[in-house]
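The next block holds one structure in the form of structure tokens; read it before the comments.
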């Protein structure tokens, strides 16, 4: 079974500042990794995913994440955030070759201040 | 990406009544759909996995008689909360995946349904 840890429940930043949202996972097998964004009272939207290949993954809205197998991490980064990036961000993991049912972290609330 | 539509977006019902939530895959066939429950400021908890034409698989602790799931077609799954009580108030989210071995690994999510039981 796999698990996901999002170390920060809330990350406040100022507009145009860089941000990193941390995610660590544990699994005994190879995994797929995902980052989702959730705006208030809405479902989840995929930001990016890592399946294989290059460990640096670029997603929508200027976000990117880097898969680090040795540190079992998949941190999400953006060089310059906007007010509109204020939302809840979820890291998720699923076992490759398995049922593909993702396990979600508890979420990180990104709050961008003007 | 593929579109999953969930209806209604929000519903208020009286305690003791039943509520049905629909989840539709609009532009793809979803052999598997998932139902999640999300409490305020918390993560998504998988309630059940719904497979077209067969019985749903419920996660431990989820009452199958209270949360009835039907996946009658490749584009529609429904969740019925029976005899709803205030503690059932929550945000319910469905997701769908294109099935098949080695198939699409991404799950597409509906916009969620806010259920309030009064």
Open item on the list: I'd like to know if segment B:73-91 contains one or more residues that are in a strand (DSSP E or B) and without any contact (Cβ under 8 Å) to a residue 40 or more places away in the chain.
Closed with: yes
TODO: Would you please name the residue that is modelled with the highest pLDDT, looking only at residues in segment A:26-36 that are more than 11 Å from chain B (Cβ to nearest Cβ) and either closer than 15 Å to residue B:109 by Cβ or in a strand (DSSP E or B) (or both)?
DONE: A:35
Task: Only one of B:54, B:15, B:50 that is more than 22 Å from residue A:48 (Cα to Cα) and touching a helix residue (DSSP H, G or I) at 6+ places or on another chain (Cβ under 7 Å) - done: B:15
Open item on the list: For segment A:8-19, which positions are under 14 Å from residue A:91 (Cα atoms) and surrounded by 14 or more Cβ atoms within 10 Å (Cβ to Cβ)?
Closed with: A:8
- [ ] Could you name every one of the strands (runs of 3 or more DSSP E) located completely within segment B:8-53 that has at least 2 residues being within 11 Å of another protein chain (Cβ to nearest Cβ) and closer than 15 Å to residue B:96 by Cα?
- [x] B:32-38, B:44-51
Task: Residue selected from segment A:89-114 under the condition surrounded by fewer than 19 Cβ atoms within 10 Å (Cβ to Cβ) and more than 17 Å from residue A:29 (Cα to Cα), by the criterion farthest from the other protein chains (Cβ to nearest Cβ) - done: A:114
Task: segment A:14-47, residues that are touching a strand residue (DSSP E or B) at 6+ places or on another chain (Cβ under 6 Å) and over 22 Å from residue B:40 (Cα atoms) - done: A:14, A:15, A:19, A:20, A:24, A:25, A:26, A:29, A:31, A:32, A:33
Task: Selection status of residue B:97, in contact with a strand residue (DSSP E or B) (Cβ under 9 Å, 6 or more places away or on another chain), within 12 Å of chain A (Cβ to nearest Cβ) and either over 18 Å from residue A:102 (Cβ atoms) or at pLDDT 90 or above (or both) - done: no
TODO: Would you mind finding the one in B:41, B:55 that is surrounded by fewer than 16 Cβ atoms within 10 Å (Cβ to Cβ) and under 19 Å from residue A:39 (Cα atoms)?
DONE: B:41
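The values are calculated or read from the model by the stated rules, or taken from the named source; none is laboratory data. Remember, predicted model here, so these are calculated numbers, not experimental data. Because the Cβ atoms are built from the backbone with ideal geometry, glycine has one as well, and the counts that use them run over all protein chains shown.
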